[in-house]
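Following: one structure in structure tokens, then a few remarks.
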Amino acid sequence: MRVHRFGAAVIAVAALAAGLTACSSGNGKFVVGIKFDQPGMGQKQPDGSFKGFDVDVARYVAKELGYRDDQVEFKEAASANRDAFIQQGQVNIVVATYSITDARKKKIGFAGPYLVTGQDILTRADDTTINGVDDLKTKKVCGAQGSSSPKLLADKFGDAWKSQYLTEQPGYGACLPLLENKQVDAISTDATILAGFASRSPGKFRLVGKPFSEEKYGVGLKLEDKDTREKINKAIEKMDGDGSWKKYIDANFGEFGNFFTTPPAVERY
Ligand code: GLU
């Protein structure tokens, strides 16, 4: 009996310690899930620093929540593990080209949106055969697992198309070499992400520029944490109003920055 109780206590303490290191509040860190492989949005630099619109938004929000820059810790999130990172408390928030969707709203709380984009297509520069979503019906397409982008295409074109034409990778960065060496004909996801890839390799790729969805990026956090969610909504409104939003657009999107003229209104649902 005693042994058992002791065992249970050890397990409880270990679980608590694991919770504290994995998450946040215990060591004063504010852990943010971002993408590491999306230039312009969230990218880990060769020197280990982080750059992108999502990174800037995350830093602004963290500061408004009372965290210093050195307390913010970035953790790589993939499209497929964003929900679980939040639900399991492995991060405080996710700022990772994370669309507010009805399916996700059931398990994740979203502040924002802080950016609106649309699903688009990236092809090789010399491929003139793809000019809109309908052209993908007979083309090999790459998307990321757990992302809403391949799902939209699979829903549109059906299961037979999915098994014949769709390749899924852990992230969009991993789709790029497949497009380059002609294993696929297109990458389809948000224009923001594709624009980042296109501007990093001038002349190699072409952004089709005919968006066929509306993607509203939200800051994801635990569904039940309504207090923090409202604080983040206020932070986003402040960021939109004080010129920071526009500054981050210009700093991260270069020539494509012209597409983003005004921040979207925050939606409280
Ligand atoms: N915004 C879409 C999503 O949340 C596509 C981009 C991504 O997977 O990060 O699924």
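Each value in this text was obtained by applying a stated rule to the coordinates, not by laboratory testing. Note that the structure is predicted; figures quoted are calculated from it, not measured. All Cβ positions, even for glycine, are placed from backbone atoms using ideal geometry, and neighbour counts span all protein chains on display.
If you take the beta carbon distance between residue 246 and residue 222 as r and set R0 to 30 Å, what does 1/(1 + (r/R0)^6) give as a FRET efficiency, to the nearest 0.05? Please list the in-between numbers first.
Details: r = 30 Å, r/R0 = 1.00.
Using R0 = 30 Å, I get an efficiency of 0.50.
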Inset, instruction - For each of 99, 188, count neighbouring Cβ atoms within 10 Å of the residue's Cβ, then give the residues from fewest to most. - result: 99, 188
Inset, instruction - Select from 252, 27, 131 the residue whose mean-square fluctuation is largest in a Gaussian network model of the chain (Cα-Cα springs shorter than 10 Å). - result: 27
Legend entry - Selected from 146, 241, 257 as most flexible by GNM, with the chain as the system and alpha-carbon contacts under 10 Å: 241
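Contour minus end-to-end for residue 234 and residue 51, with contour as 0.36 nm per residue of separation and end-to-end as the Cα-Cα distance? Present the calculation step by step, with values, prior to reporting the outcome.
Working: separation 183, 0.36 × 183 = 65.88 nm, distance 2.33 nm.
Here the answer is 63.6 nm.
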Legend entry - Size of the range 36-91 as Cα extents on the principal axes (Å, biggest first): 28, 24, 17
Legend entry - Low-density loop positions, trypsin sites (Lys or Arg not before Pro), the range 232-269 - DSSP coil, at most 13 other Cβ in 10 Å: 268
Legend entry - the chain - convex hull of the alpha-carbon atoms, volume per residue in Å³: 161
Inset, instruction - Find which of 170, 221, 122 sits farthest along the positive direction of the dipole of the chain, computed with +1 on the beta-carbon of Lys and Arg, -1 on that of Asp and Glu, about the Cα centre. - result: 221
Inset, instruction - Compute the separation of the alpha-carbon centres of the range 243-267 and the range 157-175 and state it in Å as a whole number. - result: 30
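At 0.36 nm per residue, and after removing the present C-alpha to C-alpha distance, how many nm does the segment from residue 258 to residue 126 gain when stretched out fully? Display every interim value, and only then the final one.
Numbers: separation 132, 0.36 × 132 = 47.52 nm, distance 2.48 nm.
Full-extension gain reported as 45.0 nm.
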Legend entry - Linear extension gain, residue 137 paired with residue 204, 0.36 nm per residue minus alpha-carbon span: 21.8 nm
Inset, instruction - Would you compute, from DSSP H runs of 4+ residues alone, the mean residue ellipticity of the chain at 222 nm, taking -39500 (n - 2.57) per run and dividing by the full residue count, rounded to the nearest 500? - result: -11000 deg cm²/dmol
